[in-house]
Amino acid sequence: EWEPVAPSSYPVLHAVGYAPISLQNSEHETQRILMAIKASKLAAYAELAEQVYGQHIDSTATVSDLVLGNERLAASVAGVIRGAKVINAYAVDDVYVTELQLDFREVYRVTMSMAPTRHLESQKTVHF
């Protein structure tokens, strides 16, 4: 059986997500607030994913007669964030704010709890 070696230090990342309350698509104020809470949390998770995994940038541009024409730029991020905690959530005027923290000590603990125990088979000597 082998065991993973724990890192000597663990970084702690922070991310903040924002969402406008009044622009949420509902006629009811309470529902707009709940939607903004969810949207700001998702925005904070996306920011954490950017910090952990980076962003994929896709850019295209057209040039005709040495003159820049249409230009398109898109960014995306993909990844799984486990172990993040909401450390604060609040409204400021018409914006809902969610603050997340990702402590890699917790990520390590979660990852190790999900990892199967691995055993190495003993080496057998074969004689001919």
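The values are calculated or read from the model by the stated rules, or taken from the named source; none is laboratory data. Please read these numbers as outputs of a predicted model, since none were measured by experiment. Positions of Cβ are backbone-derived with ideal geometry, glycine not excepted, and every protein chain shown enters the neighbour counts. Areas reflect the complete protein model, heavy atoms only, side chains present, ligands, DNA and RNA absent. Shrake-Rupley method; radii C 1.70, N 1.55, O 1.52, S 1.80 Å.
Here are a few things to note about the model shown:
- The solvent-accessible area of THR30, taken with every protein chain present and a 1.4 Å probe, is close to 100 Å².
- Per residue value of the accessible surface for the chain (all protein chains in place, 1.4 Å probe), Å²: 77 Å²
- Loop-located trypsin sites (Lys or Arg not before Pro) in segment 44-112, at most 16 other Cβ atoms within 10 Å (DSSP): ARG82
- Cβ-based net charge around SER40, under 13 Å, with every Lys or Arg adding one and every Asp or Glu removing one: 0
- Exposure here means at most 11 other Cβ atoms within 10 Å; with GluC sites (Glu not before Pro) in a DSSP loop as sites, the longest stretch of the chain lacking them is 28-120.
- In degrees, nearest ten, helix 29-53 long axis to first principal axis of the chain (Cα): 50 degrees
- Between HIS28, HIS14, HIS56, the residue with the greatest mean-square fluctuation in the GNM of the chain (Cα pairs under 10 Å linked by springs) is HIS28.
- Comparing LEU73, LEU102, LEU34 in a Gaussian network model of the chain, where Cα atoms under 10 Å apart are tied by springs, the biggest mean-square fluctuation is seen for LEU73.
- Stretchable slack from MET112 to VAL16, in nm (0.36 nm times residue separation minus alpha-carbon distance): 31.8 nm
- Shape category assigned to segment 11-64 from the gyration tensor of Cα positions, a/c cut at 1.5: oblate
- Unit charges at the beta carbon, dipole of the chain: most positive-side option, LEU100, PRO4, ALA19: PRO4
- Computed from Cα atoms, the angle from the helix 104-114 axis to the main principal axis of the chain rounds to 60 degrees.
- Equivalent ellipsoid semi-axes, segment 29-103, via Cα gyration tensor eigenvalues times 5, rooted, Å: 34, 19, 9
- Magnitude of the charge dipole, the chain, Cβ model with Lys/Arg +1 and Asp/Glu -1, debye to 20: 540 debye
- Cβ charges +1 (Lys, Arg) and -1 (Asp, Glu), total dipole of segment 1-59, debye: 280 debye
- Over the chain, dividing the summed -39,500 (n - 2.57) contributions of all DSSP H runs of at least 4 residues by the number of residues returns a 222 nm mean residue ellipticity of -9500 deg cm²/dmol.
- Here the simple spin-label model places points 7 Å from the Cα toward Cβ, and for ASN70 and ASP93 these points are separated by 3.6 nm.
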